[in-house]
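Here it is, the structure in full.
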Amino acid sequence: MKKTILAVLLGVSVCSSVPVSALDDPLSKYPGTIAVLRLLHEKGIQSSRTYLAFARQAHSEKKFNIESFFVALAASEIIRAETLAGMLKEMGIDVPEVKEEDVRVSTTKSNLKLITNIESADLDKRFSWMLDEIKKEGHAVAIAYISHIWKVKVQHRDLAKEILSSMESFFGIGAKAPDEFFICQRCGSTLGEIPDLTCPICQGPTSDYEKASAKWQFYSYVDNNGLLTDAEKAYARRVFDQIYSQVYEEQNVRFDGSILNSPLYQKWGLGYGRDFSLEEKVYLLQIEQTDRIWQEYGKVDLNRLEQADTDFVKEMHDKYGAGPVDLRSQKLKEEGTLSEDSQAILDIVETVSGRSVFEDKDLVFLRRWVAATTN
Ligand SMILES: [Zn+2]
């Protein structure tokens, strides 16, 4: 009875597109399990948002190692939320979008304290209760996964405590914490270095550990985007790296979400129903140019050059040798400094080609791009 009420309270509904016989109906078989999975999914998404907000705060305080820590916590939450959503979908259960709530952000020190307090108070009690509840229904995969989540939560709490106490010994100015963290892509285990043998929590292979950086979410969406070829994925990552190497102000980035409905977003986009970071918004605002550059670069065929292309390539070779040509260094040598326009065009050619020393194809593209955008 208790379990049914729990399921009703959490609004569990069965997806109508999946026909199930009454006997196999997951909702009657695993009502408590489903309720717990949905609750943990929702909490995971909410926590990931909170941690990303904490990461921004740490960044603004120039506590970059703690920023990495919060980014890692957010990445870990997202991995687990996605696995939970996958389990629910496999059972034919709807996974509703998690509404955005205001995130209260304080100083980094207080944010760390908040994690240790919340997670300390009733973490063990909550998880042991949830596990007792779902064990009665015997969904082995869910039982195992929720046990892993518990262990990861304990791991996060202990890490936060460690960082906090080191912060106290450094008068709150800095903290002894790794600059980067590694996350198990199965269970979300978060460590300062890749473990030796297997994941200490899920026992999976250590090859499942990936570095969590502020770019983690972008990379993961691009890598999982089936519409992009490998070359396009690599290009999209370079575009983002280029954006990330610059500093943007929130108030200057006017992102209204209208791009989300465009066919270009289908191809180069970053998934639906998610929160974009400032740099991701910049990427999305540039999506048309990103696509156009890629198309134009793809059109360069060295066997079918225009006279102007051939002349330009010859001019470059006469000046700088048989190639490939390190145009950036050559220009710097000649002019002492690079104009903003030269920087921008060199960045574009480097990003689209993936090379900093240009081959003939890159030179032809450069000529055509400059000709098309200056006329
Ligand atoms: Zn693991």
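The values are calculated or read from the model by the stated rules, or taken from the named source; none is laboratory data. Just so it is clear, the model here is predicted, and its values are computed rather than measured. Cβ coordinates were reconstructed from backbone atoms using ideal geometry, including for glycine residues, and neighbour counts include every protein chain displayed.
Would you mind telling me which numbered condition in (1) crowded, with 18+ Cβ neighbours inside 10 Å; (2) away from the ligand (no atom under 16 Å from the Cβ) Ser166 fails?
Result: Ser166 passes all but (1).
Separate question: When you go through Glu210, Glu193 one by one, which is the residue that is part of a strand (DSSP E or B) and either of a type outside the set (Phe, Trp, Tyr) or in the same structural domain as Tyr51 (by TED's automatic domain parsing) (or both)?
It is Glu210.
So, in segment 133-158, how many residues would count as being in contact (Cβ under 8 Å) with a residue 40 or more places away in the chain, within 15 Å of the ligand (Cβ to nearest atom) and not basic (Lys, Arg)?
Adding up the residues that qualify gives 8.
In addition: Take Asp223 and decide whether it is of a type in the set (Asp, Glu) and more than 19 Å from Ser48 (Cβ to Cβ).
no
Let's see how each residue does on (1) under 17 Å from the mean Cα position of the chain (by Cα); (2) at positive phi; (3) not in a helix (DSSP H, G or I):
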{"residue": "Gln217", "(1), (2), (3)": "yes, no, no"}
{"residue": "Leu227", "(1), (2), (3)": "no, no, yes"}
{"residue": "Gln242", "(1), (2), (3)": "yes, no, no"}
{"residue": "Ile259", "(1), (2), (3)": "no, no, no"}
{"residue": "Asp275", "(1), (2), (3)": "yes, no, yes"}
{"residue": "Glu288", "(1), (2), (3)": "no, no, no"}
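Hey, any hits in segment 145-159 for a residue that's of a type in the set (Gly, Ala, Ser) and either surrounded by 22 or more Cβ atoms within 10 Å (Cβ to Cβ) or not in a helix (DSSP H, G or I) (or both)?
The answer is no; no qualifying residue exists.
Hey, which of the helices (runs of 4 or more DSSP H) in segment 1-103, taking only ones fully inside, have at least 1 residues that are modelled with pLDDT of 90 or more?
Because the criterion is at least 1 residues that are modelled with pLDDT of 90 or more, the helices (runs of 4 or more DSSP H) in segment 1-103 that meet it are 31-60, 64-90.
Does segment 166-174 include one or more residues that are touching a Ser or Thr at 6+ places or on another chain (Cβ under 7 Å), in a loop (DSSP other than H, G, I, E, B), at pLDDT below 90 and small (Gly, Ala, Ser)?
no
Given Arg254, Arg237, which one is away from the ligand (no atom under 11 Å from the Cβ) and assigned to a loop (DSSP other than H, G, I, E, B)?
None of the others qualify; the one that does is Arg254.
If only one of Leu123, Leu88 is free of Cβ contacts under 8 Å to residues at least 60 places away in the same chain, of a type outside the set (Gly, Ala, Ser) and over 17 Å from Ile34 (Cα atoms), which one is it?
Among Leu123, Leu88, only Leu123 is free of Cβ contacts under 8 Å to residues at least 60 places away in the same chain, of a type outside the set (Gly, Ala, Ser) and over 17 Å from Ile34 (Cα atoms).
When the residues of segment 182-221 are narrowed to those that are hydroxyl-bearing (Ser, Thr, Tyr) and closer than 19 Å to Phe64 by Cα, which ends up nearest to the ligand (Cβ to nearest atom)?
Filtering first and then ranking leaves Thr190.
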